[in-house]
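Enquirer: Quick one: structure below, then a few questions.
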Amino acid sequence: MNKMEPVLRVRDVWKSYGDLEVLKGISFDVMESEVKVVFGPSGSGKSTLLRCINYLDPPDRGDVFLRGVRLGEKDTDINEMRARIGMVFQHFNLFAHLRAIDNVAIGPEKVLGLSKEDARQRAMAALEHVKMADWADHYPAQLSGGQQQRVGIARALAMEPDVILFDEPTSALDPELIGEVLQVMLDLAKEGTTMVVVTHEMGFARAVANEMIFIDGGVVVERGTPEHFFRGADSERVRQFLHKLEELYGKEREELRDVDGE
Amino acid sequence: MQEAPDLMTIVMLIIVNGVPATLQLTFFGLAAGFAIGLVLALMRVYGTKEMQWFATGYENTLRGIPLLVFIYIFVFGVPWVFWFVDAVSRPLFGVFFALGIRSGAYQSQIIRGAILSVGEGQVMAARALGMTAFQTQLYIVLPQAFKIALPSFANEYAVVIKDTSFAYSVGIFEILKVSRSVTAAWPALWVPSMLIVTVTYFVFTYPVTRYFGKKRKIHVSARGG
Ligand SMILES: Nc1ncnc2c1ncn2[C@@H]1O[C@H](COP(=O)(O)OP(=O)(O)O)[C@@H](O)[C@H]1O
Ligand SMILES: [Mg+2]
């Protein structure tokens, strides 16, 4: 496989809902094993961007390529492409009637066509990966938010996707549950998982992001390495936003500072 | 004139001659209503504008017209639509059809509400995994929707089984008709016959509504966002 070819290529993506222009020409590439952090004010179009990437909400204009293959092309099977793009949601969106193991196994079995046995094995491995194997037989309602989100990550992992999209995976969690989810994500990043992460966890960004992209009003306002942003962003808007985040969330989280220093 | 039957005989008459038709009509009416309701509900939730318009129109029309009118239409008005069954069975088919198309209007609403309460977050998660729209319904939405709808289905069953008594008016030997033929011959037995009819309906409805109506939705409490 050509290592220089982007895993994901987002080209000039536009999206409107009625008169509301949400995305106005967003472009970026995500390379193999890269972690891209997307951040910006609420309502700036971050979730919409992720939904456009896997065509849950097809862009009005622009293109998305997964390893060089354009999504939305007539002869590309969109379901096959989506199976290769993992997604982790702010509100977990676990299947409420299925046990953790079945939440994770259903994709490999029904979408990838694995045998029940193989799908189960793969699901178990994914649950182990997020340290949820002991909870395999629990229903989502019996799990804490942090545990549910880890199952959500396992569900994406079990598909062995080319890239995983995270939409504010910790912002619906009680503060004391955020750490366990971030830890799992940090581990994934270090193992070389290709990730696009919408988050305001700047500790996470600083620890593993290859590039950060600040979005506001549907456009990329500024992009750069974590060092670039934390040394002082060019744009006043970004500096204000980062300052506000710091006030809201405090400085970096303790548990992440350790990782950061590794 | 024959000797008046004792109570036990009336009970037997009703059970042997009346209950089968009542249950048959109930079962097939509910089943037809379910098929219609499922299609309409899917049209309303996921269909095009035209489909939504059609399904809503169907619901409003069928809920606004008395059942007896439909029964008369299909039994006396257009019995030939059941050309494929022999003439003797046509009234039964007419009633079954009337019950089915009307129950469909109500079951559509039940199923639609249940589908909506599953939450679009889970639908999005299923589609993001690469499931087709059909797989998403089959594995994710409908299993939960039916569990959620169980109490309402039990209620609909109670409505339909009671409405089968309208079949009496077109001469079908269901519970009510059997008892009315008893009371026609022996007017003195009116009160005990009706009592038996009442108890019979009660026996067939109460346990069902009681069991399913009370049944808690166990695993559907986690919101899918
Ligand atoms: N399906 C939709 N229909 C209409 N408006 C939408 C829809 N999804 C998002 N929006 C609007 O688009 C804007 C961006 O939303 P979103 O992508 O969720 O922002 P973010 O994730 O950055 O907070 C918001 O104003 C939101 O109300
Ligand atoms: Mg969002």
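Enquirer: Being closer than 13 Å to A:Cys52 by Cβ, within 16 Å of ligand 2 (Cβ to nearest atom) and over 20 Å from the mean Cα position of the chain (by Cα) is the filter here, so list the residues in segment A:13-31 that pass it.
Expert: A:Tyr17, the sole residue that qualifies.
Enquirer: Out of segment B:169-196, which residues are closer than 24 Å to B:Ala98 by Cβ, part of a helix (DSSP H, G or I) and open to solvent by less than 70 Å² (accessible area, probe 1.4 Å)?
Expert: Taking segment B:169-196 as the starting set, the residues that turn out to be closer than 24 Å to B:Ala98 by Cβ are B:169-181.
So of that shortlist, the ones also part of a helix (DSSP H, G or I) come out as B:169-170, B:175-181.
B:Ser169, B:Val170, B:Ile175, B:Leu176, B:Lys177, B:Val178, B:Ser179, B:Ser181, listed by residue number.
Enquirer: Across segment A:179-223, what is the total count of residues that are under 17 Å from A:Ala156 (Cβ atoms) and part of a strand (DSSP E or B)?
Expert: 4
Enquirer: Residues that are among the aromatic types (Phe, Trp, Tyr), within 16 Å of ligand 1 (Cβ to nearest atom) and not assigned by TED's automatic domain parsing to the domain that holds A:Ala125: does segment A:26-49 have at least one?
Expert: Yes, because at least one residue in segment A:26-49 is among the aromatic types (Phe, Trp, Tyr), within 16 Å of ligand 1 (Cβ to nearest atom) and not assigned by TED's automatic domain parsing to the domain that holds A:Ala125.
Enquirer: Considering only segment A:45-100, how many residues are farther than 23 Å from A:Trp14 by Cβ, within 13 Å of ligand 2 (Cβ to nearest atom) and open to solvent by 50 Å² or more (accessible area, probe 1.4 Å)?
Expert: Within segment A:45-100, residues that are farther than 23 Å from A:Trp14 by Cβ, within 13 Å of ligand 2 (Cβ to nearest atom) and open to solvent by 50 Å² or more (accessible area, probe 1.4 Å) number 2.
Enquirer: A follow-up question, please. Can you tell me which of (1) touching a residue at least 40 places away in the same chain (Cβ under 8 Å); (2) surrounded by fewer than 19 Cβ atoms within 10 Å (Cβ to Cβ); (3) β-branched (Val, Ile, Thr) is the one B:Val85 doesn't meet?
Expert: (1)
Enquirer: Next question. Report whether or not B:Ala145 is within 14 Å of another protein chain (Cβ to nearest Cβ), under 25 Å from the mean Cα position of the chain (by Cα) and not polar (S, T, N, Q).
Expert: Answer is yes for this residue.
Enquirer: Let me ask something additional. Going through segment A:119-175 one residue at a time, which ones are part of a loop (DSSP other than H, G, I, E, B), out of contact with any Leu (no Cβ under 7 Å at 6 or more places or on another chain), more than 16 Å from ligand 2 (Cβ to nearest atom) and of a type outside the set (D, E, K, R)?
Expert: Within segment A:119-175, A:Val130, A:Met132, A:His138, A:Tyr139, A:Leu143, A:Ala158, A:Pro161 qualify.
Enquirer: Considering B:Phe134, B:Phe93, B:Phe76, which residue is hydrophobic (A, V, I, L, M, F, W, C), in a helix (DSSP H, G or I), open to solvent by 40 Å² or more (accessible area, probe 1.4 Å) and within 14 Å of chain A (Cβ to nearest Cβ)?
Expert: Working: B:Phe93 fails: within 14 Å of chain A (Cβ to nearest Cβ); B:Phe76 fails: within 14 Å of chain A (Cβ to nearest Cβ).
Of B:Phe134, B:Phe93, B:Phe76, the one residue that is hydrophobic (A, V, I, L, M, F, W, C), in a helix (DSSP H, G or I), open to solvent by 40 Å² or more (accessible area, probe 1.4 Å) and within 14 Å of chain A (Cβ to nearest Cβ) is B:Phe134.
Enquirer: For segment B:14-43, enumerate the residues that are open to solvent by 50 Å² or more (accessible area, probe 1.4 Å) and either over 22 Å from B:Val160 (Cα atoms) or basic (Lys, Arg) (or both).
Expert: B:Leu42, the sole residue that qualifies.
Enquirer: While we're looking at this one, here's another question. Check B:Val199 against each of (1) within 14 Å of another protein chain (Cβ to nearest Cβ); (2) at pLDDT 85 or above; (3) open to solvent by 50 Å² or more (accessible area, probe 1.4 Å) and name the one condition it does not meet.
Expert: Result: B:Val199 passes all but (1).
Enquirer: Can you name every residue in segment A:21-38 that is of a type in the set (A, V, I, L, M, F, W, C) and farther than 23 Å from A:Asp60 by Cα?
Expert: Once the filter is applied, which keeps residues that are of a type in the set (A, V, I, L, M, F, W, C) and farther than 23 Å from A:Asp60 by Cα, segment A:21-38 yields A:Met31, A:Val35, A:Val37.
Enquirer: Among the residues of segment A:75-84, are any in contact with a strand residue (DSSP E or B) (Cβ under 8 Å, 6 or more places away or on another chain), over 15 Å from A:Val181 (Cα atoms) and either within 16 Å of ligand 1 (Cβ to nearest atom) or more than 9 Å from every other protein chain (Cβ to nearest Cβ) (or both)?
Expert: yes
Enquirer: Do the conditions hold for A:Ala105, that is, is it within 12 Å of chain B (Cβ to nearest Cβ) and either more than 16 Å from ligand 1 (Cβ to nearest atom) or farther than 26 Å from A:Val35 by Cβ (or both)? Explain how you work it out, then say what you get.
Expert: Working: within 12 Å of chain B (Cβ to nearest Cβ): yes; either more than 16 Å from ligand 1 (Cβ to nearest atom) or farther than 26 Å from A:Val35 by Cβ (or both): yes.
Yes; evaluated as a whole, the condition is true for this residue.
Enquirer: Working carefully through the options A:Ala189, A:Ala233, find the one that is surrounded by fewer than 23 Cβ atoms within 10 Å (Cβ to Cβ), modelled with pLDDT under 95, of a type in the set (A, V, I, L, M) and more than 16 Å from ligand 2 (Cβ to nearest atom).
Expert: After applying the criteria, what remains is A:Ala233.
Enquirer: Can you report the number of residues in segment A:1-56 which are in a loop (DSSP other than H, G, I, E, B), under 18 Å from A:Phe166 (Cβ atoms) and among the aliphatic types (A, V, I, L, M)?
Expert: The qualifying residues number 3.
Enquirer: Filtering segment A:154-170 down to residues that are within 12 Å of chain B (Cβ to nearest Cβ) and over 19 Å from A:Leu8 (Cα atoms), which residue is surrounded by the most Cβ atoms within 10 Å (Cβ to Cβ)?
Expert: Filtering segment A:154-170 for residues that are within 12 Å of chain B (Cβ to nearest Cβ) and over 19 Å from A:Leu8 (Cα atoms), the one surrounded by the most Cβ atoms within 10 Å (Cβ to Cβ) comes out as A:Arg155.
Enquirer: Given the structure, is B:Ile115 within 14 Å of chain A (Cβ to nearest Cβ), open to solvent by less than 60 Å² (accessible area, probe 1.4 Å) and over 30 Å from A:Val163 (Cβ atoms)?
Expert: yes
Enquirer: Further question on the same structure: Among the residues of segment A:167-175, are any hydrophobic (A, V, I, L, M, F, W, C) and within 24 Å of A:Lys36 (Cα to Cα)?
Expert: Yes - at least one qualifying residue is present in segment A:167-175.
The values are calculated or read from the model by the stated rules, or taken from the named source; none is laboratory data. Owing to the predicted nature of the structure, the values given are computational and were not obtained by experimental measurement. Every residue, glycine among them, receives a Cβ derived from its backbone with ideal geometry; neighbour counts consider all protein chains shown. For accessibility, only protein heavy atoms count, side chains too; no ligands or nucleic acids. Shrake-Rupley method; radii C 1.70, N 1.55, O 1.52, S 1.80 Å.
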